[in-house]
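Inspection log for the structure reproduced underneath, given as structure tokens.
Bear in mind these aren't lab numbers, they're just calculated from the coordinates by the rules spelled out. Just so it is clear, the model here is predicted, and its values are computed rather than measured. So basically every Cβ, Gly included, is an ideal-geometry build from the backbone, and we count neighbours across all protein chains shown.
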Amino acid sequence: SKKRLAIFLNGCFWHRCPHCDLPLPKSNKEFWEKKFETNKKRDLKKCKELQELGWHPLIIWECQLNDDRDNILLQVNKWLD
């Protein structure tokens, strides 16, 4: 908490990863569009609220953790040093 770093590990499907470009589910498209849009808006709002409180949100995407775990850990350690 001294560093005021908030780490979010976002699932690519639920938070609509900008790296993966995942398609929408084929059934019940309107529901999913609304659900994903609500998730993205909430994520932005929470990050903004944290910044206003002096925290630094760090978003790590599921695919980044799977594909480049060592680099992600280096970035987190660098921030904490």
For Cα extents along the principal axes in Å, one of (i) 45, 25, 19; (ii) 47, 30, 14; (iii) 38, 28, 20 was computed from the structure I shared and the rest are decoys. Which label? (ii)
Fully extended, how many nm does the chain gain between Lys2 and Leu53 (0.36 nm per residue separation, minus their Cα-Cα distance)? 17.1 nm
What do you get for the angle between helix 69-80 and the principal long axis of the chain? Use alpha-carbon atoms, 0 to 90 degrees, nearest ten. 50
Per the 1/(1 + (r/R0)^6) rule, R0 = 22 Å and r from the Cβ atoms of Asp70 and Leu9, FRET efficiency to 0.05 is 0.90
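By average Cβ neighbour count within 10 Å, what is the ranking of 20-26, 68-74 from highest down? If you can, show how the numbers build up before the last one.
Numbers: 20-26: 10.0, 68-74: 11.9.
Peptide ranking by packing, descending: 68-74, 20-26.
Which order do the peptides 47-54, 12-19 take when ranked by the mean count of other beta-carbon atoms within 10 Å per residue, highest first?
Working: 47-54: 11.5, 12-19: 14.5.
Order by mean packing, descending: 12-19, 47-54.
If you stretched the chain out fully between Lys40 and Ser27, how much longer would it get, using 0.36 nm times the residue separation minus the C-alpha to C-alpha distance? Could you put the intermediate results ahead of the total?
Working: separation 13, 0.36 × 13 = 4.68 nm, distance 2.04 nm.
Contour length minus Cα-Cα distance gives 2.6 nm.
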